[in-house]
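The values are calculated or read from the model by the stated rules, or taken from the named source; none is laboratory data. What you see is a predicted model; the values in this text were computed from it and never measured. All Cβ positions, glycine included, derive from the backbone under ideal geometry; neighbour counts span all protein chains shown.
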Amino acid sequence: MSPDETFLERLLAALDQVGLEALIVGSTAAVLQGAPVMTQDVDLLVRDTPLVRQKLEKLGEALKAARPAPVSELSSALTILGGELPVDVLFDALPGGLRFASLKSRAVKIPVGERTATVATLADVIASKAAAGRPKDLAQLPILRDTLKIITALEK
Amino acid sequence: MDALSPDELLRKTMALRDQLAPQLPDIDPGDLVLILQSLLRPIGTGRRFFLRKLPSGVHVP
């Protein structure tokens, strides 16, 4: 396994250790489904409950990183910095009205080493990036849409 | 998961390209090969996909 794959496995182990249910979303979810893109962090989607907030504190410790901190004053998202790579945490929904429960119902299970990741589908990643509309999201859309077309053609 | 040898990766990529290119004429041929190679190198085969920021500010795999 590469250092990147090993980091993901360690993150999944840390999630298991603290008992936190999280979906991998964003570009890392796309990579896990074969898209040829790169990213600077891992995006997790979790439910927003007091217990989950407590578990996020423990996740920071498990990753030997800093406590989760707000990304900005304009966002409810948190970021866990100081570990091997940044881990961003989003709550309840992604842009485009994609709620945790619906994303989870469609999510795919992907083995990473000895662990298994629960990953938002590539179609949901595309929908969320299109709705987010940030330049860095829009820039990835053509290659992600082509990847989905190719996967769909291979499945026929 | 074992990675394909370079020769096997090339052979499978080109076979799938020949199969899919007529069905997907709107996809750039170069992108088709790039995506197929990526799909044939799933997680666990030594993929690199994180960019790490160096102290200089440059991002590298």
Failed condition for B:ILE27, given (1) part of a helix (DSSP H, G or I); (2) modelled with pLDDT of 95 or more: (1)
Residue satisfying condition, being touching a residue at least 24 places away in the same chain (Cβ under 8 Å) and out of contact with any helix residue (DSSP H, G or I) (no Cβ under 8 Å at 6 or more places or on another chain), within set A:VAL52, A:VAL18, A:VAL31: A:VAL52
Yes/no for A:LEU122 being within 17 Å of A:GLU21 (Cα to Cα), crowded, with 18+ Cβ neighbours inside 10 Å and not hydroxyl-bearing (Ser, Thr, Tyr): no
Failed item in (1) closer than 19 Å to A:LEU122 by Cα; (2) within 13 Å of chain B (Cβ to nearest Cβ), with A:LEU45 passing the rest: (2)
Criterion violated by A:LYS58 - all others in (1) surrounded by 21 or more Cβ atoms within 10 Å (Cβ to Cβ); (2) over 12 Å from the mean Cα position of the chain (by Cα) satisfied: (1)
Filtered residues of segment B:1-49 (kept if hydrophobic (A, V, I, L, M, F, W, C), within 11 Å of another protein chain (Cβ to nearest Cβ) and over 26 Å from A:VAL112 (Cβ atoms)): B:LEU20, B:ALA21, B:LEU24, B:ILE27, B:LEU32
Candidates B:PRO55, B:PRO25 - the one that is surrounded by fewer than 18 Cβ atoms within 10 Å (Cβ to Cβ) and more than 28 Å from A:GLU9 (Cα to Cα): B:PRO25
Residue pairs meeting the criteria (Cβ under 6 Å; at least 6 apart or on separate chains; first within 10 Å of another protein chain (Cβ to nearest Cβ) and on the phi < 0 side of the Ramachandran plot, in segment A:1-15; second of a type in the set (D, E, K, R) and outside any helix (DSSP H, G or I)): A:SER2/B:ARG47; A:SER2/B:ARG48; A:ASP4/B:ARG48; A:PHE7/A:GLU84; A:GLU9/A:ARG115
